[in-house]
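A.B. asks: One structure, pasted below without further comment.
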Amino acid sequence: MLNISKIASKTSRGKILQMVTLVALSLLILNWYLFRNEIQWNYNINSENFINTTESPSICPTLSLQFNVRATYGLCKPHKSSQASCRFLQEIYGIKPELLQCKEKGAGDVCIMKMTRTKKRSKISFLCSQTLCRQGKSDSFKVLTVDPRTGLATIVNEFHSVRTLERGLPNIVKRNKQNKLNFVFIECTSHQGKGVSQLLPVDPDFTIKKTGTVRNKNHINVVVLLIDSISRAHFYRSLPRTIATFQNWREKPGSVPANVYDFELFQALHGHTAENTQALFTGNVFPIELKGTMPPVNMSAMFRHYDRAGYHTMYQEDLCWKGIWGLMVNLGVRRWSDLQGKMKNTFIDHTGLTHSSCKILSSLGVTTPFNGPYGDQICYNGKFQHSYFLRYTTDTLHAIKKSRNACPLFSYTSLSVAHDHRSIRTQTLDVGLENYVRAMAKEQNTLTVILADHGNTYTRYTAEFLEGRFEMYHPSLFMIVPDRVASLLGKKAISALRENQRRLVTMIDLHRSLMVLVNPLSGNVKPVGLFTHIAVNRTCDDLELRLPNLCVCEGWDVPADNDSSRIPIAEFAIGQLNSRLAEQIQNVSERSCQRLQPLWFENIRERNSKEDRSLITSMDIRVKAGDVAPQREDIFHVEVMTREKFGEKSLQMTLISFDRLTLFGKYADCADNGVDLKLCVCSQTAKQKKSIGAFSSEDWVHFGQRPAFRKLHNTTCLFLITRAFAKNKSNAYEVANLCRGQTYRVKLYVEQVTNMKFSCEVPLTLTVTPGNVLFAFSVRKHVSYWDANIKVTTEVEKN
């Protein structure tokens, strides 16, 4: 007979067993899910969760020339500024009308140059003022020019009267032309006893390149004006007269015979000049393996292209060669003699007024315009320095227009008026630039490009506001296309220009556009670069950007909390920078450049790598500054990649880029020889000795956390340093060798590890030389609400 009670009992036990099995499986699945998806530092970022809202549209101005807009944004839409940053900008960058004219009034022109043309030849003469200066002494008038052997402005002749000066100037100018120097300085003393100094450009009528044939009327002039270090937003806020002129052209299309195109989404390829100008001249960025070096810019790639097409090529900049930047960096030289040799292979016919800059800047007590002069103006004889360069360009175009045999012009001018640590001096450009764009609109055979390489750098706004950082990578780009040039480009190209104003574009697109303008145009320019429709779905993931960088498209990366879970990234980044610093000064018995001591971190943003979706975290880390700097903290911007894989403890952290956001030139006064100034923080009052007693307890504090020290290998000078944050949720480990004359190999192991992720693979071995401190690794808790444990052990050998 069947036992019903036993069957029932077995059935009940079976159901219970099934339930237990299901619960266990559910827990396993939940456990895997948490590890895989939940706690991975926002590993798969969804920008839809971070919609940037604004309080009031009236606080942040509209930065657009669009009138009766037809073109719409594609996948890339412009980043929106925060209300706080807009308030700050209104306070510090209000227009100062007093800056629009030079405060120091000029004495006037001593001489002017005149050209007289006949059928056979041209004659130059000079008309000089009889009343401006004293006469009668043998040196009443001095004429100076740049000595081609030394690069210095020297006196080439002295004259006792206006009449002898007028007779002597033509021969001086002719000799200058042979040396490709198209200016002279004239000095004298006024009747009131004040010194008078005039920069006299040579009339381009006398210096333009000509041929024996008539110029093809479909060859257009191409003029590029690069304003170094001005963001799109800063162009709008600092140059209101120029912007008003552009807007008037848009609203009244028939008012001028030209159109202006404003490319709203112009993305910088890097935050500094050379990387961007390399792309402009070559169409390529520097190879990634050259990161951290300063390779020369291949300017000849573009100048050769135009030279071989029969163009007259001109390069101008307002920098002094003695300040090293500009041409010296571009061509990779440090001496005047080397510069002259390199210039022979650049295919540049002449450098316009470039080498007048040394004397102009020297008169104001500086060799570069980047940190001065005081007063937010650069003037010479009552005129802004930039006005000389802009006028020289327009005069050259006028000279070409008057001669049927003159070659078409390719001109590149770089102005650094906006490149200073305050960014207020930019306003002095407005009147001159407004006049310049009005003149360019009337040049019916000239296409004009006005752009910046990157936005403002090393300003208070850049250092204190993340929005300032966004502007750093969002420069300005305008193109003035007169009606005749538009007809030569063709309707398809003009349609593309109109639409591309709201597409993501870069310097490489501009390069491709300029390279197809060398041949005579006939209404169908080759559809490349800006002359073809840029893909509507283009984003920064489609661009070859050099890091660090921030995308001008809203949502490319997203903000993240600066909580303790990100301390390991910050510690790793600072550790890598300090290790690089240690490598550079390990043979110095006393060091001036101190270890970077981080105070806090901020402005954290995250994005996924386009290659393998690894997480890239960017942040600003504030460190204690030295006493030679005006600021109390220095700011480093870092980008760290982490690769989190299921089942692996290592995050494989990599420091992919860093930049310095605060001025660091002052540290040159106290830096150790051979140390990268970008890494150095030093003080005039003290050197940091590499010995056991050199560091106080304060020297080891990172992010407000004091460390624990553990002696290694029975020594009193070899230590394992541990900083534990938020009850061991995040830790950092370093090894300090404060011994004299003994190098150690230290192998670090981890034991009893649960619920921890590491910045690198462990175990690892460090070779620590005397006096050095090396970063080992950082760790963080993996799942925040589970217990975590770690024990670090070491093996030490003398090396």
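Bear in mind these aren't lab numbers, they're just calculated from the coordinates by the rules spelled out. This is a predicted model, so every value here is computed, not measured. Here the Cβ is made from the backbone with ideal geometry for all residues, glycine too, and neighbour counts use every protein chain on show.
A.B. asks: How large are Rg and Dmax for segment 353-464 when only the alpha carbon atoms are used, in Å?
C.D. replies: That works out to 15.8, 55 Å for Rg and Dmax.
A.B. asks: How much length would be gained if the chain were fully extended between Glu158 and Lys217, taking 0.36 nm per residue of separation minus their Cα-Cα distance, in nm to one decimal?
C.D. replies: 16.8 nm
A.B. asks: Before rounding to the nearest 500, sum -39500 (n - 2.57) across all DSSP H runs of length at least 4 in the chain and divide by the residue total; then give [θ] at 222 nm in deg cm²/dmol.
C.D. replies: Taken over the chain, the calculation gives -7500 deg cm²/dmol.
A.B. asks: With the radius of gyration and the Kirkwood radius both derived from the Cα set of segment 140-188, what is their ratio Rg to Rh?
C.D. replies: Reported Rg/Rh (Cα atoms, Kirkwood Rh): 0.96.
A.B. asks: What's the local net charge at Arg134, with K and R +1, D and E -1, over the other residues with C-beta under 13 Å away?
C.D. replies: +1
A.B. asks: Loop only per DSSP, at most 12 neighbouring Cβ atoms within 10 Å: give me the GluC sites (Glu not before Pro) in segment 515-579, ordered by residue number.
C.D. replies: Glu544
A.B. asks: Further question: Most exposed first by the Cβ proxy, i.e. fewest other Cβ within 10 Å, how do Val196, Val558 rank?
C.D. replies: Val558, Val196
A.B. asks: Return the unpartnered cysteines for the chain, using a Cβ-Cβ cut-off of under 4.7 Å.
C.D. replies: Lacking a cysteine Cβ partner under 4.7 Å: Cys407, Cys760.
A.B. asks: If I stretch the segment between Arg706 and Leu290 completely, what's the gain in nm (0.36 nm per residue apart, minus their alpha carbon distance), one decimal?
C.D. replies: Result for the pair: 146.0 nm of gain on full extension.
A.B. asks: Express in whole angstrom the spacing between the alpha-carbon centres of segment 66-105 and segment 472-538.
C.D. replies: 24 Å
A.B. asks: Let me ask another. Which ordering of Met294, Met653 is given by a fewest-first count of other beta-carbon atoms within 10 Å?
C.D. replies: Met294, Met653
A.B. asks: Oh, and also: Which residue, Val162, Cys133, Thr116, has the largest displacement toward the positive end of the dipole of segment 111-193 when charges sit on each Cβ (Lys, Arg +1; Asp, Glu -1)?
C.D. replies: Farthest along the dipole direction, towards plus: Thr116.
A.B. asks: How many percent of the alpha carbon pairs in segment 510-648 exceed a separation of 23 Å?
C.D. replies: Of all Cα-Cα pairs in segment 510-648, 56 percent lie more than 23 Å apart.
A.B. asks: OK, next. Which GluC sites (Glu not before Pro) from segment 709-799 combine a DSSP loop assignment with at most 13 other Cβ atoms within 10 Å?
C.D. replies: Those satisfying the criteria are Glu761.
A.B. asks: For segment 558-798, with only Lys/Arg (+1) and Asp/Glu (-1) charged at the beta-carbon, what is the dipole magnitude about the Cα centre, in debye rounded to 20?
C.D. replies: 480 debye
A.B. asks: Around Ala107, what is the net charge, scoring Lys/Arg as +1 and Asp/Glu as -1 over all other residues with Cβ under 14 Å from its Cβ?
C.D. replies: +1
A.B. asks: Here is a further query. Where in the chain are the DSSP H helices whose C-alpha atoms run 18 Å or more along the long axis and whose mean Kyte hydropathy is at least -1.0?
C.D. replies: Going by DSSP H runs, the hits are 4-33, 385-402, 430-442, 567-585.
A.B. asks: Mind checking the full-extension length gain between Asp669 and Thr72? Use 0.36 nm per residue of separation minus the Cα-Cα distance, one decimal, nm.
C.D. replies: Here the segment from Asp669 to Thr72 would lengthen by 209.8 nm.
A.B. asks: If you wrap a convex hull around the alpha carbons of segment 111-193, what volume per residue comes out, as a whole number of Å³?
C.D. replies: About 94 Å³ per residue, rounded to a whole number.
A.B. asks: Mind sorting Tyr374, Tyr744 by how few other Cβ atoms lie within 10 Å of their own Cβ, fewest first?
C.D. replies: Ranking Tyr374, Tyr744 by Cβ neighbours within 10 Å, fewest first, gives Tyr374, Tyr744.
A.B. asks: May I have the extent of the alpha carbons of the chain along their three principal axes, as whole Å values ordered from largest to smallest?
C.D. replies: On the principal axes, the chain reaches 134, 70, 46 Å in Cα extent.
A.B. asks: Turning to a different aspect of this structure: Just report the Cα centroid separation between segment 372-451 and segment 609-670, whole Å.
C.D. replies: If you average the Cα positions of each part, the centres end up 38 Å apart.
A.B. asks: Once Lys and Arg get +1 and Asp and Glu get -1 on their Cβ, which of Ser487, Leu774, Ile208 lies farthest toward the positive end of the dipole of the chain?
C.D. replies: Ile208
A.B. asks: Among DSSP beta bridges whose residues both lie in the chain, state the antiparallel percentage, nearest 5.
C.D. replies: So the antiparallel bridges in the chain amount to around 80 percent.
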